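Enquirer: I have a structure here, written as structure tokens, and I will follow up with some questions on it.
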Amino acid sequence: MTMPAGVTSFPALRSLADRLGVISAQIASQRLTEPYLALGLDDASANFNEISPEIVASLDTNIVRVSDALRGLAQRIHVTVTSYQQTEERNRAMAHELYTIPE
């Protein structure tokens, strides 16, 4: 599976989703910090108050969708890994029973 740029582990997906949630909350309260203004917005829109409400609403909606998708992906990965580990443990136990010679 290909990880998004800057994401080096599956727990990092949750962290990324949380950061996106913070950005969304900042957008909602119009406290978007300077580094995030570079999200595809031109220099003329560097002042957050000059960004049109439509752009803000669209950006917020997309951030929430991506954040939710990342949380869902992280949860599905966790469930899959846990299931795989449990299956692996059962298989080892069965193999041990099958190949252990009774005394």
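The values are calculated or read from the model by the stated rules, or taken from the named source; none is laboratory data. Predicted model, so just to flag it, every value in this text is computed and none were measured. Glycine also receives a Cβ, built like all others from the backbone with ideal geometry; neighbour counts cover every protein chain displayed.
Enquirer: With (1) surrounded by 15 or more Cβ atoms within 10 Å (Cβ to Cβ); (2) at pLDDT below 70; (3) not charged (D, E, K, R); (4) not in a loop (DSSP other than H, G, I, E, B) as the list, and LEU32 as the residue in question, which single condition is left unmet?
Expert: Of (1) surrounded by 15 or more Cβ atoms within 10 Å (Cβ to Cβ); (2) at pLDDT below 70; (3) not charged (D, E, K, R); (4) not in a loop (DSSP other than H, G, I, E, B), only one is false for LEU32: (4).
Enquirer: Just give me the residues in region 52-97 being at pLDDT below 85, farther than 19 Å from LEU16 by Cα and surrounded by 10 or more Cβ atoms within 10 Å (Cβ to Cβ), in sequence order.
Expert: ILE55, VAL56, ALA57, SER58
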